1. Considering every residue within the stretch B:275-286, establish whether at least one is over 17 Å from the mean Cα position of the chain (by Cα) and not assigned by TED's automatic domain parsing to the domain that holds B:ALA132.
2. Go through the stretch A:303-314 and give me each residue that's more than 7 Å from chain B (Cβ to nearest Cβ), farther than 24 Å from A:TYR165 by Cβ and among the β-branched types (Val, Ile, Thr).
3. Please find, within the stretch A:254-275, the residue that is farthest from B:PHE297 (Cα to Cα) out of those that are among the small types (Gly, Ala, Ser) and buried (at least 18 other Cβ atoms within 10 Å of the Cβ).
4. Mind counting the residues in the stretch B:280-302 that are facing chain A (nearest Cβ under 8 Å) and more than 13 Å from B:ASN164 (Cβ to Cβ)?
5. Among B:ARG238, B:ARG259, which is the only one that is more than 26 Å from B:LEU181 (Cβ to Cβ), touching a residue at least 12 places away in the same chain (Cβ under 8 Å) and more than 8 Å from every other protein chain (Cβ to nearest Cβ)?
6. I'm checking my understanding of the structure. Among residues of the stretch A:282-302 that are out of contact with any Ser or Thr (no Cβ under 6 Å at 6 or more places or on another chain), at pLDDT 95 or above and of a type in the set (Gly, Ala, Ser), which one is farthest from B:ALA291 (Cα to Cα)?
7. Scanning the stretch B:273-319 for residues that are of a type in the set (A, V, I, L, M, F, W, C) and touching a Lys or Arg at 6+ places or on another chain (Cβ under 8 Å), which turns out nearest to B:VAL19 (Cα to Cα)?
8. Looking at (1) surrounded by fewer than 17 Cβ atoms within 10 Å (Cβ to Cβ); (2) touching a strand residue (DSSP E or B) at 6+ places or on another chain (Cβ under 9 Å); (3) facing chain B (nearest Cβ under 7 Å), which is the one condition that is false for A:SER341?
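The values are calculated or read from the model by the stated rules, or taken from the named source; none is laboratory data. Keep in mind that this is a model prediction, so the values were computed, not measured. No Cβ is skipped: glycine too gets one built from the backbone with ideal geometry, and neighbour counts run over all protein chains shown.
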There are 2 protein chains.
Amino acid sequence: MDRVIRIGMLGCGTVGGGVATILARESDDITARTGAKLELVRIAVRDTARDRGLGLPAGTFTTDPLSVVEAEDIDVIVEVMGGREPAGSLIRRALELGKPVVTANKELVAHEGPELYAAAQAAGVDLAYEAAVAGAIPIIKPLKESLAGDRVLRVVGILNGTTNYILTRMTEEGADYAEVLADAQALGYAEADPTADVGGHDAAAKCAILASLAFDTTVHADDVFTQGIETVNATDIRVADRLGYVVKLLGIASEVDGRVGVRVHPAFLPKAHPLASVRGAFNAVYVEAAAAGELMFYGPGAGAEPTGSAVVGDVIDVARNLLQTARGAIESQHRVKDLRSIDELRTQYYVLLDVEDAPGVLAAVATTFGDHGVSIAQVWQEGAEDSAQLVLITHRAREDALRTTVEALAPLPSIRSVASVLRVEAEVFAS
Amino acid sequence: MDRVIRIGMLGCGTVGGGVATILARESDDITARTGAKLELVRIAVRDTARDRGLGLPAGTFTTDPLSVVEAEDIDVIVEVMGGREPAGSLIRRALELGKPVVTANKELVAHEGPELYAAAQAAGVDLAYEAAVAGAIPIIKPLKESLAGDRVLRVVGILNGTTNYILTRMTEEGADYAEVLADAQALGYAEADPTADVGGHDAAAKCAILASLAFDTTVHADDVFTQGIETVNATDIRVADRLGYVVKLLGIASEVDGRVGVRVHPAFLPKAHPLASVRGAFNAVYVEAAAAGELMFYGPGAGAEPTGSAVVGDVIDVARNLLQTARGAIESQHRVKDLRSIDELRTQYYVLLDVEDAPGVLAAVATTFGDHGVSIAQVWQEGAEDSAQLVLITHRAREDALRTTVEALAPLPSIRSVASVLRVEAEVFAS
């Protein structure tokens, strides 16, 4: 086995450092499993002077990513620079040149995945992106290969570690959102600007990628209905707990009658559901398939080595294909199926109202729900005299009916504010 | 795409029926994803007259499995007959003829997997067996491919649905083993002769397969230290619960300093561990890897369509390779690493003793533990006057020291019987 596959890497931040470390540390086993030696020969970075502690020769680094892509002695491109450009153009160029590409770029794949895949198909080379969704968790390959003979009905994921960490601490400590967020920022679990995470945008990007693959269609990040966890409060979590639920930020994608719905939002999830016990910064993806039934894939959703492990797994795959002049599995035909609007969603809802503790409040609220055809399953009052809160759980209703109900509640004289509205994902799961 | 891959199937029981059903139902998508039409053209069965309700032409069936293997117009062999022979000989013959084989045969792979893989390597054809372990759960492919660049440190599995169902009901209902087993048999969750399941042998076979793959070695089913759940009683489960554990039948494989330990037994598992929330007949495999960290794969461990889904996923894989005259991923070099004896295990133990409620009992028990160098972490007495029970939790101790301790306890005059000894897997897990 004296064949060598030469790798060029674009970017060398957290994930790139993990990739370089793993390639060096596991070199012998990787050679045995690939059938060739994998050599990381060139890395494009912004600052070639910086010591990255990777023990690579100084000549490995360059500031010109295009030169790495175009170098004749480089066989495989690993893109870990992130962002849509120049990453997208560099990947397209590599594919044009017939070089397989492994990317960890969630943002790029979420916005242009099906188009990039079409470019890879046209060029007849592999494009792999296991690391773009849920870090170390093998989920792209199971969807694309293990379930190739099956039909996916629903994908539900805890796809963002920061928000799951925050919600877990809120649940286990009874703490408030702002307090836990500040602490998470201090501990490095949340960014100084946490918007991408707490606003649900990071999870939405990953959910778009999973939906495109699972349902053989084209879903872009912007197609995903997205709500964050910023307004989830301690009362929501306490009420959920009392009713047998936990509050989780879920990415949910499903296909019904050929139309695909994709949404990310906090929701009540039954405690017995496999996803409910996913704690802290871990991610998990639950997949329901026609034949396989309920599957779940769990693990770290981020980090240098976990994400690096997924990248290196992909590199070994494409290298093996290259050695055999073969191609990896066909992923999906990426048709363009209709999207279901969030308005069409039918689920249960939890509504928390700050009310005056006066006679007639409940009657006024109940009448408003009834007028809009939304049926109430449970209602009770929380809190003391001057700060009463009304908790309502509805039966299944359409999202648009619930929204007009809530809009009609707001101006009622006895209602101080609509404190929370959360979806209750009670009935859609088989277990 | 007018290429056709012709499949011959050996056996048509539960799993075979699932395979045939899925191949027919998902035919269009399978063709798109494979790049060829998969046709199930011949099936070897014992009784060709039986109507299997699969809508296949009568001429599909034959009683001669070797004729299916040797037929020139058959490209891929699917073996779902089970048992070591004639399945093993038929698979070897197919490999000799250069035909890729997909098998769901746990017993065969657990006893001869590395040797069969060597035969496949020698013949240059694929041998796939995703369905042999944990039904629908993709675990072979993640270990072989997704983690090809990583180093597996430990594999811990709930690998048998029957025992997990029984233990879950015992936990949730406080019920006794015999009672739940009888009910499980009535409901079809347990066989009339439940020995293979409740004795841990089924789990041991799967654990051998996982260990061989994860640690690049050769572990046969007979190499696995195996204990069943027959002696687990309601007190064990109640004590575990009180201390923050659940009782699970675990398959545990790990490599330490180049030596591999593989064992199956009931154990106390911390409630916060991801495997602890796996309920009922579900299976799950927890994998700890050097770079990826903690992963878990969860799903149905048996059943016609779940297992069929895994078989069809493998068939698509080998068919795609066949179309490209390529091979699937190299799995492992299957070296022969030394096995660690169970005697060398160091863990905590739970010991339940039926004792006379007389002065001096505890002193005698404590002295015996001390004499054998086993240190007691917690001890308390359960139950009423004439049926007192002493519960002990040890600090970490070697298995052989614990065993000689227990042997020395049995003859003590104040001890009526050693009711239970279970391992407490508290410290070995990162979370």
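1. Checked against the condition, which is being over 17 Å from the mean Cα position of the chain (by Cα) and not assigned by TED's automatic domain parsing to the domain that holds B:ALA132, the stretch B:275-286 yields at least one hit.
2. None; the set is empty.
3. Residue satisfying both the conditions and the ranking: A:GLY261.
4. Result for the stretch B:280-302: 9.
5. Only one candidate qualifies: B:ARG259.
6. Start the filter on the stretch A:282-302 by keeping residues that are out of contact with any Ser or Thr (no Cβ under 6 Å at 6 or more places or on another chain), which leaves A:282-290, A:293-302.
The next check asks that each one be at pLDDT 95 or above; those that pass are A:282-290, A:293-300.
Filter once more, keeping what is of a type in the set (Gly, Ala, Ser): A:284, A:289-290, A:293, A:299.
On the way: A:ALA284: 18, A:ALA289: 29, A:ALA290: 33, A:GLY293: 30, A:GLY299: 12 Å.
So the residue we want is A:ALA290.
7. Step one: filter the stretch B:273-319 for residues of a type in the set (A, V, I, L, M, F, W, C), giving B:275-276, B:278, B:281-282, B:284-285, B:287, B:289-292, B:295-297, B:302, B:304, B:310-312, B:315-316, B:318-319.
Filter once more, so that each one left must be touching a Lys or Arg at 6+ places or on another chain (Cβ under 8 Å): B:275-276, B:278, B:287, B:289-291, B:316.
Working: B:LEU275: 29, B:ALA276: 31, B:VAL278: 26, B:VAL287: 28, B:ALA289: 32, B:ALA290: 36, B:ALA291: 36, B:ILE316: 12 Å.
So the residue we want is B:ILE316.
8. Unmet condition: (3).
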